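Data first, discussion second: the structure below is written as structure tokens.
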Amino acid sequence: PYTADGIAVWKSTIYVSCQKLGYILIFDRDTRKEITRFYAPGVGVENLAVSEETLWVCDSTEQTVYCLDRATGEVQFSVLTPFESPTGIAVYT
């Protein structure tokens, strides 16, 4: 019922962050059904990027980038950014 803040796509999996819910929701692209959800690691609006087995989360309020296992949602590590209010994240291959 709330707006999506961040969206990332990996093959047939869609990741959607929602600050009001406090979750990152994972959907199957083909069936449009929710597969699972992870607790959002931060408290602010979170933007997403995905690469291989990693889900990258950028929290604008906490000024932090989180590295999550995209299968389990477990935080691998986090890094405080030097930016006041980061609003996006991208992965360079």
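The values are calculated or read from the model by the stated rules, or taken from the named source; none is laboratory data. Nothing here was measured: the structure is a model prediction, and the numbers come from that model. For neighbour counting, all protein chains shown are included, and Cβ atoms are generated from backbone atoms with ideal geometry for every residue, glycine included. Accessible surface is based on the protein model in full, side chains and every heavy atom, while ligands, DNA and RNA are left aside. Shrake-Rupley method; radii C 1.70, N 1.55, O 1.52, S 1.80 Å.
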For this session: Take segment 70-88 and flag every residue that is at pLDDT 90 or above and closer than 16 Å to S17 by Cβ.
Result: R70, G73, V75, S78
Exercise. Do we have any residue at all in segment 20-41 that's more than 12 Å from the chain's Cα centre (by Cα) and within 13 Å of V91 (Cβ to Cβ)?
Worked result: no
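How many residues are among the small types (G, A, S) and either closer than 12 Å to S51 by Cβ or open to solvent by 60 Å² or more (accessible area, probe 1.4 Å) (or both) when one looks only at segment 1-15? First the steps, then the outcome.
Residues of segment 1-15 that are among the small types (G, A, S), as a first pass: 4, 6, 8, 12.
From what is left, the residues that are either closer than 12 Å to S51 by Cβ or open to solvent by 60 Å² or more (accessible area, probe 1.4 Å) (or both) are 8.
The total comes to 1.
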Exercise. Can you name the residue in segment 44-93 that is part of a strand (DSSP E or B) and β-branched (V, I, T) and is also nearest to the chain's Cα centre (by Cα) among such residues?
Worked result: V57
Problem set entry | Residue list for segment 58-93, filter: loosely packed, with under 12 Cβ neighbours inside 10 Å, of a type in the set (V, I, T) and touching a residue at least 40 places away in the same chain (Cβ under 8 Å) | T87, V91, T93
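Residues of segment 20-37 being touching a strand residue (DSSP E or B) at 6+ places or on another chain (Cβ under 7 Å) and not in a strand (DSSP E or B), which ones?
Here is the first cut: in segment 20-37, the residues touching a strand residue (DSSP E or B) at 6+ places or on another chain (Cβ under 7 Å) are 22-29, 33-37.
Residues satisfying the conditions are G22, R29, K33.
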Exercise. Of the residues L25, L55, which single one is open to solvent by less than 70 Å² (accessible area, probe 1.4 Å) and free of Cβ contacts under 8 Å to residues at least 24 places away in the same chain?
Worked result: L25
